[in-house]
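*Asks:* Before I ask anything, here is the structure I am working with.
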Amino acid sequence: MFARFSTVAGGAGSVDLPRDVRGFAVKFYTQEGTFDLVGNNIPVFFIQDAIKFPDLVHAVKMEPDRGYPQAASAHDTFWDFVSLMPESWHMILWVMSDRAIPRSLRMMEGFGVHTFRLVNAEGVSTFVKFHWRPRIGSASVLWDEAVKISGADPDFHRRDLFQAIERGDFPEWELSIQAFDQATADSFPFDVLDPTKLIPEERVPLQPIGKMVLNRNPDNFFAETEQVAFHPGHIVPGIDFSDDPLLQGRLFSYTDTQLSRLGGPNFHQLPINRPRCPMHNFQRDALMQMEVPGSRVNYEPNSLDPASPRENTSAGFATHPVTQSGDKLRVRSETFMDHYSQARLFYRSMTVPEQDHIVSAFAFELGKVETPEVRCRVLGHIKNVDAGLCDRVEQALGMQGQVDSIPPAVEPIDMQPSPALSLLAKAQPTLEGRKIGVLVSEGCELSIVDQLQASAEAEGAVLELIGPHIGAVGSNSHIAIKPHHAIAGAPSVFFDAVVVAVSAEGAEALKQQAAALNFIHDAFAHLKIIGFTAASMPLLDRAGIDIDDGVVEMETSQDMAAYIEAAKNGRFWPRAATIKA
Ligand code: HEM
């Protein structure tokens, strides 16, 4: 396997943590050729007709007359476009949710989006949708964290993935399918060929079929990660396309782009793109040709070279036959016209914190849109999704009563909420693959650090020490402690939970350092579980945080265990009532 994760809006070198959909592209080097599952971390897409893809991408990317913004959708052209494209509204709700700001590439789900076919040896076809689920569970950052992480470490996700694989903490995903037949498809109030729609798991459960483990980093980023060419058209016998019009458009577009991005038609010969099985064809010559095939024959059928490759009608790929009737017209199907019911389903399936984050995201994004008419139109769509959501966004924007009336093509329906859509509702308590940051100082208690190290390891977490500087600090038992980071370069947004384990004199010294005060204040505002030693209390006071059940004093091993249990639950959500990040 080879996997490439990507952002969409930003160019090469842009920050890793914008609010954006993430590409989740995977290559299976099978014995029957290469199968590419070119998905995203969101199961639906913005558009129904591939011909609008360039328009979508132009609208979200930097504005052509000014060269900014880089890697951000919070600008007029994007919101102008989607406010005139009702079909994009289900996707917009996903992009405004926590799904668009993942904590790590290792902690995000993946989706093939389109309906595909699996065809068995008897030629029986079953519709499928592909899903990737991370073994260590999904997690997101808060928007305020994303902003601060992008400033402090623009390469946050790449570094996280590279380091996890280097230390042997191999990211793993379970691959599952939702399998269904035509009758089931016909029973849905939406069209399975519409890429702006998903099939709720409660209607068609996931069936696990395999596991991907990423156990090696590329040897060379350019040669492998840059030059890789994914293509939804790369399928192998047993897998076939559906008539999803967006998928059909993609089957043209990827080659079209790769011909120029990779300098001609022979990029399949690059090591990263080369199939890992015998391959025979008569494609010849052209730019960057690396093969030196002998023989006077370069065509099939031929009689002049009996040893040359021949068509294989049994093992070769055959398109699944489909009986179709009716007019073939270049129009959008009526069955594609309900643009709000699933957007409403998504919003109403979210937990309270997740809904709050969607409101804040809309407020942030629309707060960056200069053109009031665009904002009023956007509010009109939000109203069609959910009137309560619209009220809250209106409020947050201070635009009460400025909502355009946008008649929906199809009146939205209330679907049964789908808890499977909520990351928080299905989150399991864990610290696996997470990071705990421990603030230490001269004279800090070595035993606390050692116990924390052992507890973190036992939970599959990484523990990193942050010192007043990168040089070693002397502990209370005169043994030197080597920090992984200096406080100036390691804000608490890098960590999933933190501990303040400084000595009394260390606390006095750090009370003068904004970086130390911000470390604690941000951890508190980001609802993180904070552990602290009694000697650190003056520093917490100076940082101005209140002691709640998410702020745990650590004197005994019971305290340590209580801290770890609390940290496994992720954030201390009740604190959100008292502080807004
Ligand atoms: C379901 C909707 C879509 C998904 C899940 C999706 C996914 C992706 C991903 C993951 C990549 C990056 C691949 C890599 O890492 O190299 C990508 C690139 C690209 N996508 Fe899509 N995409 C979608 C829709 C479209 C549509 C509708 C078009 C055009 C008709 C399109 C055209 C492209 C092109 C041209 C590239 C660049 C390929 C390259 O440079 O190698 N995509 N897409």
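The values are calculated or read from the model by the stated rules, or taken from the named source; none is laboratory data. Quick caveat: nothing in here was measured; it's all calculated off a predicted structure. Neighbour counts are summed over all protein chains in view; Cβ atoms, including those assigned to glycine, are modelled from backbone coordinates with ideal geometry. SASA here: full protein model, heavy atoms, side chains in, ligands and nucleic acids out. Shrake-Rupley method; radii C 1.70, N 1.55, O 1.52, S 1.80 Å.
Residue-by-condition table, conditions (1) more than 16 Å from the ligand (Cβ to nearest atom); (2) under 30 Å from D155 (Cβ atoms); (3) modelled with pLDDT under 95:
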residue	(1), (2), (3)
N266	no, no, no
I272	no, yes, no
M279	yes, no, yes
F282	yes, no, yes
T323	yes, no, yes
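*Asks:* Find all pairs meeting these conditions: Cβ atoms under 8 angstrom apart; at least six residues apart or on different chains; first residue within the stretch 239-251 and more than 15 Å from V322 (Cβ to Cβ); second residue among the aromatic types (F, W, Y) and near the ligand (Cβ under 9 Å from one of its atoms).
*Replies:* Final answer for the pair search is L246/F45; G249/F53.
*Asks:* Now, a different point. With respect to the numbered conditions (1) in contact (Cβ under 8 Å) with a residue 60 or more places away in the chain; (2) open to solvent by 20 Å² or more (accessible area, probe 1.4 Å), which one is the sole condition not fulfilled by D450?
*Replies:* (1)
*Asks:* When you go through S349, S360, S341 one by one, which is the residue that is within 27 Å of the chain's Cα centre (by Cα), more than 30 Å from Q182 (Cβ to Cβ) and open to solvent by less than 60 Å² (accessible area, probe 1.4 Å)?
*Replies:* S360
*Asks:* Would you call L175 within 16 Å of the ligand (Cβ to nearest atom), assigned to a strand (DSSP E or B) and among the hydrophobic types (A, V, I, L, M, F, W, C)?
*Replies:* Against the criterion (within 16 Å of the ligand (Cβ to nearest atom), assigned to a strand (DSSP E or B) and among the hydrophobic types (A, V, I, L, M, F, W, C)), L175 qualifies.
*Asks:* From the list D160, D219, D169, pick out the single residue that is assigned by TED's automatic domain parsing to the domain that holds M96, within 30 Å of G264 (Cβ to Cβ) and either within 16 Å of the ligand (Cβ to nearest atom) or modelled with pLDDT of 95 or more (or both).
*Replies:* Residue meeting the stated conditions: D219.
*Asks:* Moving on to the next point. P208 - would you say it is in contact (Cβ under 8 Å) with a residue 12 or more places away in the chain and either among the aromatic types (F, W, Y) or more than 12 Å from the ligand (Cβ to nearest atom) (or both)?
*Replies:* Yes: the conditions hold for P208.
*Asks:* Let me ask something else. Determine, yes or no, whether I51 is aliphatic (A, V, I, L, M), in contact (Cβ under 8 Å) with a residue 40 or more places away in the chain and within 11 Å of the ligand (Cβ to nearest atom).
*Replies:* yes
*Asks:* State all residues of the stretch 301-351 that are touching a Pro at 6+ places or on another chain (Cβ under 9 Å) and farther than 30 Å from K383 by Cα; if no residue qualifies, say none.
*Replies:* Matches in the stretch 301-351: R310, E311, A315, G316, F317, A318.
*Asks:* Let me ask another. Residues V204, V192, V147: which one is touching an Asp or Glu at 6+ places or on another chain (Cβ under 9 Å), not assigned by TED's automatic domain parsing to the domain that holds A490 and not in a strand (DSSP E or B)?
*Replies:* When all the criteria are applied, what remains is V192.
*Asks:* Within the stretch 509-523, is there a residue that is crowded, with 17+ Cβ neighbours inside 10 Å and among the charged types (D, E, K, R)?
*Replies:* Scanning the stretch 509-523 turns up at least one residue that is crowded, with 17+ Cβ neighbours inside 10 Å and among the charged types (D, E, K, R).
*Asks:* Here's a follow-up. Can you tell me which of F180, F170 is crowded, with 17+ Cβ neighbours inside 10 Å and aromatic (F, W, Y)? Before the answer, list the steps.
*Replies:* Working: F170 fails: crowded, with 17+ Cβ neighbours inside 10 Å.
Going through F180, F170 in turn, just one is crowded, with 17+ Cβ neighbours inside 10 Å and aromatic (F, W, Y): F180.
*Asks:* Could you please let me know if G506 is under 20 Å from L142 (Cβ atoms), in contact (Cβ under 8 Å) with a residue 12 or more places away in the chain and open to solvent by less than 50 Å² (accessible area, probe 1.4 Å)? Spell out the reasoning first.
*Replies:* On the way: under 20 Å from L142 (Cβ atoms): no; in contact (Cβ under 8 Å) with a residue 12 or more places away in the chain: yes; open to solvent by less than 50 Å² (accessible area, probe 1.4 Å): yes.
In short, no.
*Asks:* Another question about this same structure. Taking the conditions exactly as written (open to solvent by less than 60 Å² (accessible area, probe 1.4 Å) and either at pLDDT 95 or above or under 30 Å from E109 (Cα atoms) (or both)), does R434 satisfy them or not?
*Replies:* yes
*Asks:* Evaluate the stretch 15-24: report whether one residue or more is within 15 Å of the ligand (Cβ to nearest atom) and surrounded by fewer than 21 Cβ atoms within 10 Å (Cβ to Cβ).
*Replies:* Yes: the stretch 15-24 contains one or more residues that are within 15 Å of the ligand (Cβ to nearest atom) and surrounded by fewer than 21 Cβ atoms within 10 Å (Cβ to Cβ).
*Asks:* Kindly provide the set of residues from the stretch 54-72 that are open to solvent by less than 50 Å² (accessible area, probe 1.4 Å) and away from the ligand (no atom under 16 Å from the Cβ), ordered by number.
*Replies:* Those that are open to solvent by less than 50 Å² (accessible area, probe 1.4 Å) and away from the ligand (no atom under 16 Å from the Cβ): E63, G67, P69, A72.
*Asks:* Every residue in the stretch 207-226 that is open to solvent by 40 Å² or more (accessible area, probe 1.4 Å) and part of a loop (DSSP other than H, G, I, E, B), please.
*Replies:* N215, R216, P218, D219, N220
*Asks:* Is it the case that G294 is surrounded by fewer than 17 Cβ atoms within 10 Å (Cβ to Cβ) and assigned by TED's automatic domain parsing to the domain that holds I165?
*Replies:* Answer is no for this residue.
*Asks:* Another question, if that's okay. Provide a single number: the residues in the stretch 254-289 that are open to solvent by less than 90 Å² (accessible area, probe 1.4 Å), touching a residue at least 24 places away in the same chain (Cβ under 8 Å) and part of a loop (DSSP other than H, G, I, E, B).
*Replies:* Of the residues in that region, 12 qualify.
*Asks:* Quick one: E122 ticks every box in (1) open to solvent by less than 30 Å² (accessible area, probe 1.4 Å); (2) in a loop (DSSP other than H, G, I, E, B) except a single one, so which number is it?
*Replies:* E122 satisfies every listed condition except (1).
*Asks:* Could you pull out the residue among A472, A456 that is in contact with a Lys or Arg (Cβ under 6 Å, 6 or more places away or on another chain) and of a type outside the set (K, R)? Break it down stepwise before answering.
*Replies:* Numbers: A456 fails: in contact with a Lys or Arg (Cβ under 6 Å, 6 or more places away or on another chain).
Among A472, A456, only A472 is in contact with a Lys or Arg (Cβ under 6 Å, 6 or more places away or on another chain) and of a type outside the set (K, R).
*Asks:* Here's something else I'd like to know. Select from the stretch 231-264 the residues that are more than 8 Å from the ligand (Cβ to nearest atom) and among the acidic types (D, E) and list them in ascending order.
*Replies:* D240, D243, D244
*Asks:* Yes or no: the stretch 187-201 includes at least one residue that is open to solvent by 50 Å² or more (accessible area, probe 1.4 Å) and within 16 Å of the ligand (Cβ to nearest atom).
*Replies:* For the stretch 187-201, residues open to solvent by 50 Å² or more (accessible area, probe 1.4 Å) and within 16 Å of the ligand (Cβ to nearest atom): absent.
*Asks:* Looking at I470, I413, I487 in this structure, which one is on the phi < 0 side of the Ramachandran plot, open to solvent by less than 30 Å² (accessible area, probe 1.4 Å) and at pLDDT 95 or above?
*Replies:* I487
*Asks:* Mind checking whether some residue in the stretch 86-99 is surrounded by fewer than 20 Cβ atoms within 10 Å (Cβ to Cβ) and among the hydrophobic types (A, V, I, L, M, F, W, C)?
*Replies:* No, there is no match, as no residue in the stretch 86-99 is surrounded by fewer than 20 Cβ atoms within 10 Å (Cβ to Cβ) and among the hydrophobic types (A, V, I, L, M, F, W, C).
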